[in-house]
Amino acid sequence: MSDRAENAETVDGSDLPRDHRLAPGICAEDYRAALRRHPAGVTIVTLDSGSGPVGFTASSFSSVSLDPPLVSFNIANTSSSIDALHSADSLVIHLLGEHQQHLAQRFSRSADQRFADESLWARLDTGEPVLHGTPSWLRVIVDQLIPVGDHTLVIGLVTRVHAEADDDSASAPLLYHEGRYYRPTPLGSANNGN
């Protein structure tokens, strides 16, 4: 089967090549503005590059499958971490608590600042960097790297799960919405009379 046939969609009975540049009326600014209104959990992905630790924030984390346990996130092809990710066999995805906003900000900055404070992290026995005080983290084996537009979709097979037993650190995940960090407030609480 040709590449053209594999990338075709049937619309009104005709086969047309799937060309994402042909989305009429959609500009990047409008697209970003719409997606900024959808809150996302904040994660930090860490891995060992062979020449040192690598890490970055990602708000695209998602569960994919329970059996086998698969998760996903994506990374921009222009990211300073993309080459290390393509070389990695495994990584750790940290599901941040609201008390870790400082880490989310640190891992969004220049790569040389991310692991500069060695008191913030250690290594697992398998070599990946892990951040102290993270309520939940997952060690995953890189299962698939799929080019999608200007990003790479990463599918990972979960091989180890850490879930903090301390209810205080696990009770408030860090969220990102409209360019700011938040923590959730339950609906139906005493404050809104429900």
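The values are calculated or read from the model by the stated rules, or taken from the named source; none is laboratory data. Quick caveat, the model's predicted, so the values are computed rather than measured. No Cβ is skipped: glycine too gets one built from the backbone with ideal geometry, and neighbour counts run over all protein chains shown. Just the protein is used for accessible areas: all its heavy atoms, side chains included, with ligands, DNA and RNA removed. Shrake-Rupley method; radii C 1.70, N 1.55, O 1.52, S 1.80 Å.
Confirm whether F73 is open to solvent by less than 20 Å² (accessible area, probe 1.4 Å) and in contact with a helix residue (DSSP H, G or I) (Cβ under 8 Å, 6 or more places away or on another chain).
No: the conditions fail for F73.
Within the stretch 37-47, identify whether any single residue is closer than 23 Å to A122 by Cβ and either open to solvent by 60 Å² or more (accessible area, probe 1.4 Å) or polar (S, T, N, Q) (or both), and answer yes or no.
Checked the stretch 37-47: at least one residue is closer than 23 Å to A122 by Cβ and either open to solvent by 60 Å² or more (accessible area, probe 1.4 Å) or polar (S, T, N, Q) (or both).
T57 fails exactly one of the following numbered conditions: (1) in contact (Cβ under 8 Å) with a residue 60 or more places away in the chain; (2) under 13 Å from the mean Cα position of the chain (by Cα); (3) open to solvent by 30 Å² or more (accessible area, probe 1.4 Å). What is the number of that condition?
T57 satisfies every listed condition except (1).
Can you tell me which of (1) at pLDDT 90 or above; (2) within 20 Å of D48 (Cβ to Cβ) is the one A111 doesn't meet?
(1)
Condition first: in contact with a strand residue (DSSP E or B) (Cβ under 6 Å, 6 or more places away or on another chain) and of a type in the set (G, A, S). Now tell me which residues in the stretch 66-96 satisfy that.
Correct list: S72, A76, S81, A84, A88, S90.
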